[in-house]
Amino acid sequence: NGFANAAYDGLSLKSGMEYHGSFYAKTDNYSGSITVSAIKDGTVYASSEITGISSEWTKYSFDITSSEDVRGAQLVIEVNGKGTIDFDMISLFPGDAIDGVFRRDLAEKLKAINPGFLRFPGGCIIEGYNLDNRYQWKNSVGPVEERVENWNRWDLHTDGYNHYNQTLGLGFYEFFELCEYLECEAVPVVNAGMACQFQTNETVDINSDEFQSYIDDALDLIEFANGDANTEWGSLRAEMGHP
């Protein structure tokens, strides 16, 4: 028994490349092993086995290396016995990823353009379909597994269900890291108290107490980027590895 994810149009692996993966899991009644594999059309190209699943939420890391180039594979997680396991925060990155996050080939192409600045995360996402759906940078920093996900406004389906969310695994900290790698200026975007004018057109009165929180968000972001390591948001940046 198990489950699979095809990633974006299928998992793409390079022969001999090591891929670093992890997941969180817990169980009350399972003592067997878990196998994580990259599989296409019944062929296993890479796999790893994890044992000793705890009754408390625990992060389990694994490495897999593909035996050959493959495109369109699935990441498959299988349990090799009876019982129930809860899973969360499943992740897989290539071993040569820039800053452990960015696909090297794409990051290198961006750097070759020699950009003067990089704007993040954009206009419509920062506005959101409504203000509850707006991009809130404070939800995108700190431990990745603790970040508050958001539904993706570009994924509105007639069935009323969002099939693709923003995990915020790529957040403002990673954005600043990418700018550092590209040697360009960072141009962060924050919400100004208004949602999409073509959809809900929600706004916050600039004379209201609520609007102060939008001002504070902008000031706190400056502190996160440039503040001393003993400030509230500067200390979080330092804890994340960038004093």
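The values are calculated or read from the model by the stated rules, or taken from the named source; none is laboratory data. Please read all numbers here as calculations on a predicted model, not as lab measurements. Neighbour counts run over all protein chains shown; Cβ positions are idealised from the backbone, glycine included. The accessibility values were calculated without ligands, DNA or RNA, using every heavy atom of the protein model including side chains. Shrake-Rupley method; radii C 1.70, N 1.55, O 1.52, S 1.80 Å.
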Item to complete: Express as a percent, rounded to the nearest 5, the fraction of DSSP beta bridges in the chain (both residues included) that run antiparallel.
Response: 90
Worksheet entry | Residue order for SER31, SER54, SER37 - accessible surface, 1.4 angstrom probe, largest first | SER31, SER54, SER37
Worksheet item: Residues with beta-carbon under 12 Å from that of ARG71, excluding ARG71: net charge, scoring Lys, Arg +1 and Asp, Glu -1?
Response: -2
Worksheet entry | Local electrostatic count, LEU131, Cβ distance below 13 Å [Lys/Arg +1, Asp/Glu -1] | -4
Worksheet item: Over the Cα atoms of the chain, Rg to Rh with Kirkwood Rh, two decimal places?
Response: 1.01
Worksheet item: MET17: accessible area at probe 1.4 Å, nearest 10 Å²?
Response: 40
Discussion item. Running a GNM on the chain with Cα contacts under 10 Å, which residue among GLN166, GLN74, GLN199 ends up with the highest mean-square fluctuation?
Written reply: GLN199
Worksheet entry | Greater than 27 Å apart at Cα, pairs in LYS40/LYS82; LYS40/LYS111; LYS14/LYS111; LYS14/LYS109; LYS14/LYS82 | LYS40/LYS111; LYS14/LYS82
Item to complete: Return the FRET efficiency for the residue pair GLU183, SER54: r is the Cβ-Cβ distance, R0 is 35 Å, and the value is rounded to the nearest 0.05.
Response: 0.20
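Mind checking the dipole of segment 60-208: about its Cα centre, +1 per Lys or Arg Cβ, -1 per Asp or Glu Cβ, Debye to the nearest 20?
Dipole of segment 60-208, to the nearest 20 debye: 280 debye.
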Discussion item. I need the Debye-formula profile for segment 174-243: one equal scatterer per C-alpha, no solvent, reported as log10 I(q)/I(0) at q = 0.15, 0.17, 0.19, 0.21 1/Å, two decimals.
Written reply: -0.65, -0.76, -0.86, -0.93
Worksheet item: Packing-wise, with mean Cβ within 10 Å as the measure, how do 206-212, 168-174 rank, highest first?
Response: 168-174, 206-212
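If ASP69, ASP63, ASP96 are ordered by their accessible area, calculated over protein heavy atoms with a 1.4 Å probe, which sequence runs from highest to lowest? All intermediate terms of the calculation are to be shown ahead of the outcome.
On the way: ASP69 105, ASP63 80, ASP96 45 Å².
These residues rank, largest area first, as ASP69, ASP63, ASP96.
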